[in-house]
2 protein chains.
Amino acid sequence: MTATTLPLVPSGKDAQDAVCCAPIARQPLGEGEAAELAVLLKAVADPVRLRLLSMIGSHAGGEACVCDLTDAFDLTAPTISHHLKVLRTAGLIGGERRGTWVYYWIIPEHVARLGALFTPLVQPARA
Amino acid sequence: MTATTLPLVPSGKDAQDAVCCAPIARQPLGEGEAAELAVLLKAVADPVRLRLLSMIGSHAGGEACVCDLTDAFDLTAPTISHHLKVLRTAGLIGGERRGTWVYYWIIPEHVARLGALFTPLVQPARA
C-alpha cells in the first residue's frame, strides 16, 4: 500500500481526547472538528464500503482475508482494494499482509467515535 | 419547502423495525440496507450539515430558529436552506414555519440509528 493524502483521524490516545465521543447534540461543533468528522463520514457514506465494514467486523475471529470479501461483490479486485484503502486511510480498519493475502480488521475505537457522535443527548422538546 | 427526490429513511415505527439499530459488525449488511444507510450518511458527511445538526440539537429548548443558524456561517441564506433541506429530507431533522421563521429540531430516533450502526460489537481479535 502506498501513502495516501486523505487526512487521518487521530489514533490511539489522541482519538480518546478532546474531539472524541461527544454526542452531536451536546454543543455546536467547531469548523475544524466538523471538517475532520465529515472526512470520516464520507469514508463510510458508500454502500460498498458499508458492506465491507460489516463483512470485516462480523467475520469469524474479528478479521477477514481480502479473499473472503471479493466474492460478495460484482466488482473487480482493484475496485475492492480501492474501497478498503479508503476505509483504512480513514482509520476505520487495519490491515496486514500475511503470505499471499491481506487481512483486515475493524479498529473499534474509531468506529465507536461515529457511534458516540450520533448518540442523542436528550429527548425532543416536541411530542 | 418543495418535495425532494432524495429517498426518505423509514419514519416512526418503521424506523424501529428490521433495519434499525443493528451494529455494523453484527452481520454483513445487505445491498438494500447498505444503499439506504449510505444515503443517510451522505446527508451528514458534510461539515456545514454536521455543524447545523449540532447547533440545532444543542439549542436551548431542543429547537432552533433558522435565524439562529445563519450567523455562524459565511454562507448565503439559500445555501443554509439547501443544507437544512438535505438534513430534513434524510429524516434527521424536522421543521415547521411559525410566523416569519422556520424552526428546526432533531429527530432523535433517526440520529440514534446512525449511533447504533457504529456501536462496536466486540473487542478486536488483535492486541
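The values are calculated or read from the model by the stated rules, or taken from the named source; none is laboratory data. Worth saying up front: this structure is predicted, and the values here are computed from it rather than measured. Backbone-built Cβ (ideal geometry, glycine too); neighbour counts: all protein chains shown. These accessible areas exclude ligands, DNA and RNA; they are computed on the full protein's heavy atoms, side chains included. Shrake-Rupley method; radii C 1.70, N 1.55, O 1.52, S 1.80 Å.
Kindly compute the accessible surface that chains A and B hide from a 1.4 Å probe when together, both sides summed, and give it to the nearest 100 Å².
Values: alone 7830 and 7790 Å², together 12180 Å².
Counting protein atoms only, the buried area is about 3400 Å².
Each Cα pair of segment A:13-107 feeds into the Kirkwood radius, which the Stokes-Einstein equation turns, at 20 °C and 1.002 mPa s, into a diffusion coefficient of 146 µm²/s. Counted by Cβ distance under 12 Å from residue B:115, the other residues give a net charge of +1, where Lys and Arg count +1 and Asp and Glu count -1.
How would you classify segment A:78-118 from its alpha-carbon gyration tensor, with a ≥ b ≥ c the square roots of the eigenvalues: rounded for a/c under 1.5, else prolate if a/b is greater than b/c, otherwise oblate? Cα axes put segment A:78-118 in the oblate bin.
Remark: mean inter-chain Cβ contacts per residue of A:101-108 equal 3, using a 10 Å Cβ-Cβ cutoff to other protein chain atoms. For the pair residue B:60 and residue B:77, label points projected 7 Å from Cα toward Cβ lie 2.4 nm apart.
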